[in-house]
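The values are calculated or read from the model by the stated rules, or taken from the named source; none is laboratory data. Being a predicted model, the structure only gives us computed values, none of them experimental. Methodologically, a virtual Cβ is constructed for each residue, glycine included, from the backbone with ideal geometry; neighbour enumeration extends over all protein chains shown.
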Amino acid sequence: MGAGSFRVIVGEALTGIRRNGLMSVVSSTTVAVSLFVLAVFLLVGLNVDHMARVIESGLEVRLYLAEDLEPVDVEVLKIQVAALDGVTDVTYVSAEEALETLRQQLGEDAELLEGVEEMNPLSDSLRVSTKGPAWVDAVAASAGRLPGVADVGYTHDLAQRLLKLTTSVRVGGLVLVGLMVLATILVISNTVRLTILARGEEVYIMKLVGATNWLIRWPFLFEGLFFGLAGALLASLAAWQAYYWAVNGIYTTISFIPVLPVYPLAWRLGLVLLALGATIGALGSSISLRRFLRV
Amino acid sequence: MIEFYEVSKTYLNGVTALRDVTITIAKGEFVFVVGLSGAGKSTLARLVYREELPTKGYVFVNGVNLARLKPRAVPYLRRNIGVVFQDFKLLPRKTAYENVAFALRVTGASPREIARRVPACLELVGLGGKGDAYPDELSGGEQQRTALARAIANHPLVLVADEPTGNLDPTTSWDIVRLLLEVNQRGTTVLMATHAKHIVDAVRRRVITLDKGLVVSDKLRGGYGDGGERAWAQGLSASLSARP
Ligand SMILES: Nc1ncnc2c1ncn2[C@@H]1O[C@H](COP(=O)(O)OP(=O)(O)OP(=O)(O)O)[C@@H](O)[C@H]1O
Ligand SMILES: [Mg+2]
C-alpha cells in the first residue's frame, strides 16, 4: 500500500465518519456504555480479589516454643521452619512483646492484666505466615513435629472456611468478568454490524465499479477503530472518575475495608479498555464486511 | 472483445433470462441491444461485467473466460469496463464529483489526474455545475448522466450502457448518444441496451434483438423492429390482454 492510497483510505474513513452522523454517535455511545459496565465489573472483581488476599495473609500459624530454648536453638528452629513448603515468613515474638500486644488489644480492659505482669504467663513464639489458607494445615503439622516446639496454634476451621470463601469468590468473579467480556464483544460487534448492514448497498456498488476488497475494507476498519477508541476513551474517563469517587468515599467512611489505590489501576484499566475497544471495533467491522465483499 | 458461447442464465428464483445466446462483439464495435421489457438485456449486460455468472455456456471478455476468473482478479476486469447501470447505482453518501472520482481512485489514479479528469467528464455529460450535489439532490436524468460520467472517466476498453437515455428528454438523449458515439470513435467498444426506437433507427449500427431470452435477430445496420413482426405482434397482444 503506497503513501497515496493510504491518504485516500484515511480520507475515505474521515468522510465516512463525518457523514455517518447519528450512526457514529450511536455506535460510540454503545461502545462506551458496554465498556463502562465491563470496567465496573473489573474494578469490583479486582477489589474483591484484593480483599480476599488481605484476609488470607492475616491467617498465620503460631508456634509456641519450649521454655528452655537457647537463642541459638531459636535461630536454628527459625531456619528449619522457613525451609518448610508453603512458608513465606517467620518472625520471632518474645513473651514480653506478646504481652504488650495483648495489652494494646485489650485497651481499657488492660487492668485485667495487672498482677500477671511480673510472672508473664505467655511464652515465646514464632509467627509463621503461609502462602495461603491451603498451606496452613500442612505447615502446622510439620512444624509441630520439630524439636523445641511446645505447641501449635491456628484455627483450622477458619482456614478451611476462608479458603472455600475466597476460592468461590474468585471463581465467581472470573466467570462474571468473562461473561461480561463476551457480552461486551457481542454488543459492540453487533453495533458495528448494523452500521455496515446499512451500507451494504454502498459496498456492493464499490465492488461493481472495480474496487478491491482491501480498498473497501481499510476505511471501514479505520472507522471501526475510531468508534472503538472514542467509546473506550469515554468509558475510561467515566470509570476513572467513578472509581476515584468510590475510593474516596470508602476511605472517609468505612476505611477498614481494603481497596486498591486509584493509581496505577486507573491507567492500566484505561489501556485495557482502549485496546479492547480498538480491537473489537476494527475486527468487528472487517468481519461484518465479509459477506458484502463476495460480489 | 466480448464473446458469448451458448450462454443461458437462470436466476435463483427459476426465471430463465437468457437462452443459448451466442454473439461475438469485436473491439471497437458499437452495438444496440433491444427487446421488450424482461427480454434479458440487463442480464446480458450483467454477464459482461461479471455481476452474474452464466448458468450454462461461456462468456469471454478480452479473451478471458469470466467463470474462471479468480475473485481477486474481478476488480481489475471491472476497471476496464465502464458501466451505466439501469438503476444508476450512485454512491448515496458521495457527491456527483466524488462518485466519478471514486471510479478513478480505485484504479490508483493520482490526485492530480483525478482533479483534471472529473470536471472534464462532468462537463462532457452536461453537469458542469452539479459536482457538489448528492445523488438525492439530482434529477433522474442528472443521476443517469453522473453514472455515465463515472463510466467513461477512466477510458474503459468496454462501455456497457443499460438504457442510458431512459430518463432523458429527446434533446439530451441525443447529446448522450453523440457522446457514446464519440467514446466509441476513440476505440471503446460500446454495448447499449435501449428502448429508444428513434435513436436505434437513426444511428444505423449493429442491433441485437432479444425476445424472452433468445437472440431473434442480429443485424449489422439494423433498426428497432428487426426482431420480426411476430415478436412485436405478440408483445402488443400481450399488453392489450393485460388491460382490464
Ligand atoms: N436478480 C434477478 N433475480 C431473479 N430474476 C431476475 C433478476 N433480474 C432479472 N430477472 C428476471 O429475468 C428476466 C430478464 O430480466 P432483465 O432485467 O434482463 O430484462 P430487461 O431486458 O433488462 O428488461 P427492461 O427493459 O425492463 O430493463 C425478467 O423476467 C426478470 O424478471
Ligand atoms: Mg433492464
Checking the structure you have, find out if any residue of the range B:37-50 is at the interface with chain A (Cβ under 10 Å from one of its Cβ atoms) and in contact (Cβ under 8 Å) with a residue 24 or more places away in the chain. yes
Residues of the range B:78-99 being more than 19 Å from the chain's Cα centre (by Cα) and surrounded by fewer than 23 Cβ atoms within 10 Å (Cβ to Cβ), in sequence order, are B:Pro92, B:Arg93, B:Lys94, B:Thr95, B:Tyr97, B:Glu98
Considering A:Leu269, A:Leu265, A:Leu274, A:Leu234, which residue is surrounded by fewer than 19 Cβ atoms within 10 Å (Cβ to Cβ), part of a helix (DSSP H, G or I) and in the same structural domain as A:Phe36 (by TED's automatic domain parsing)? A:Leu274
Here are some residues: A:Met180, A:Met206. Which one is in contact with a Phe, Trp or Tyr (Cβ under 6 Å, 6 or more places away or on another chain) and either basic (Lys, Arg) or more than 16 Å from A:Ile287 (Cβ to Cβ) (or both)? A:Met180
Subset of the range A:164-217 [charged (D, E, K, R) and under 23 Å from B:Leu90 (Cβ atoms)]: A:Arg199, A:Glu201, A:Glu202, A:Lys207, A:Arg217
Condition met for B:Phe32 (among the aromatic types (Phe, Trp, Tyr), away from every other protein chain (no Cβ under 13 Å) and within 16 Å of ligand 2 (Cβ to nearest atom)): yes
Condition (residue is more than 12 Å from the chain's Cα centre (by Cα), part of a strand (DSSP E or B) and within 16 Å of ligand 2 (Cβ to nearest atom)) applied to the range B:188-209: is it met by at least one residue? yes
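When only residues in the range B:9-24 that are outside any loop (DSSP other than H, G, I, E, B), among the β-branched types (Val, Ile, Thr) and surrounded by fewer than 21 Cβ atoms within 10 Å (Cβ to Cβ) count, which is farthest from ligand 1 (Cβ to nearest atom)?
B:Thr24
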